[in-house]
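Here the structure is laid out as structure tokens; the discussion comes afterwards.
The values are calculated or read from the model by the stated rules, or taken from the named source; none is laboratory data. All values derive from a computational prediction rather than experimental measurement. Cβ: placed from backbone, ideal geometry, glycine included. Neighbour counts: every protein chain shown.
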Amino acid sequence: MISHPAPRPLTLYPAIDLKGGQCVRLRQGEMDQATIYSDDPGSQAKEWHQQGCKWLHVVDLDGAFAKKPVNIEAVQAILANSKVPVELGGGIRDLQSIEFWLSQGVTRVILGSVAVKNPQLVYDACKAFPNQIVIGIDAKSGFVSTEGWAETSEMKALDLALKLQDSGAGAIIFTEIQRDGMLSGLDLEQTAELAHHLSIPVIASGGVGNLDHLRALREVANTEPGIEGVIVGRALYDGRVNITEALKVLETC
């Protein structure tokens, strides 16, 4: 068991997923199940930080499938309009891309599929850019998925997380794919298991549909303080979760 500090306020990460330069949300990672919420990512970023959010979680969905950055202008618009730190993932597969985005103003870079396919890159990136590399672990029934969730590996999420922690990763973002965009609640059991065994922060993702889901996470985080925050997407765009109320729930220990 890892010794963690006392419970802390949880960070709310509004999700801005980019497809074709627009803000969208997917269901269970299916690109043909995209709902468009805004055609102005910069304006959306500004709105979230004006409502009190302290971070933004941005994913280049096209980049995840193309295996290289695609929505560059949209990300730059977000960076230009946001006054809060931005974490970015999707299609970032080499040190040059990491260095490019950090130079553009991204606070930290999310490595996903490449962490499974090329663990040496994670080690090199963490060494070159300490505290600026986080790992996105996307799982289906506990097993890691890659390539924009199109492939499922035989590696368990916890096993991968432990290896990446040893490589120097600053945090783990854990998403249960079968819950993502379904508004049915987070996978609290797997999230808590990761937080219990890791010494680096864990960010929950996938399935938040209402304030009760955030209250449930807050309760779990009180006993597993390795949980640092939560990513919320569709529920914010649909108005099912109010940011002011969400922040109150998450930041009250």
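Restricting the first residue to segment 32-60 and requiring it to be more than 27 Å from E251 (Cβ to Cβ), which pairs with a second residue that is surrounded by fewer than 17 Cβ atoms within 10 Å (Cβ to Cβ) meet a Cβ separation below 6 Å and a spacing of at least six or different chains?
Q33/R27
Kindly evaluate C23 against the criterion of being under 27 Å from E219 (Cα atoms) and either among the aromatic types (F, W, Y) or in contact with a Phe, Trp or Tyr (Cβ under 8 Å, 6 or more places away or on another chain) (or both).
Spelling it out, it is not the case that C23 is under 27 Å from E219 (Cα atoms) and either among the aromatic types (F, W, Y) or in contact with a Phe, Trp or Tyr (Cβ under 8 Å, 6 or more places away or on another chain) (or both).
Given the condition in a loop (DSSP other than H, G, I, E, B), charged (D, E, K, R) and without any contact (Cβ under 8 Å) to a residue 60 or more places away in the chain, answer yes or no: does some residue in segment 231-241 qualify?
yes
For segment 4-49: of the residues being among the charged types (D, E, K, R) and modelled with pLDDT of 95 or more, which is surrounded by the fewest Cβ atoms within 10 Å (Cβ to Cβ)?
So the residue we want is D39.
Give just the number: which of (1) at pLDDT 95 or above; (2) surrounded by 22 or more Cβ atoms within 10 Å (Cβ to Cβ); (3) touching a helix residue (DSSP H, G or I) at 6+ places or on another chain (Cβ under 8 Å) does I173 not satisfy?
Of (1) at pLDDT 95 or above; (2) surrounded by 22 or more Cβ atoms within 10 Å (Cβ to Cβ); (3) touching a helix residue (DSSP H, G or I) at 6+ places or on another chain (Cβ under 8 Å), only one is false for I173: (3).
Could you list all residues from segment 191-211 that are part of a helix (DSSP H, G or I) and either touching a Cys at 6+ places or on another chain (Cβ under 6 Å) or buried (at least 21 other Cβ atoms within 10 Å of the Cβ) (or both)?
Those that are part of a helix (DSSP H, G or I) and either touching a Cys at 6+ places or on another chain (Cβ under 6 Å) or buried (at least 21 other Cβ atoms within 10 Å of the Cβ) (or both): T191, L194, A195.
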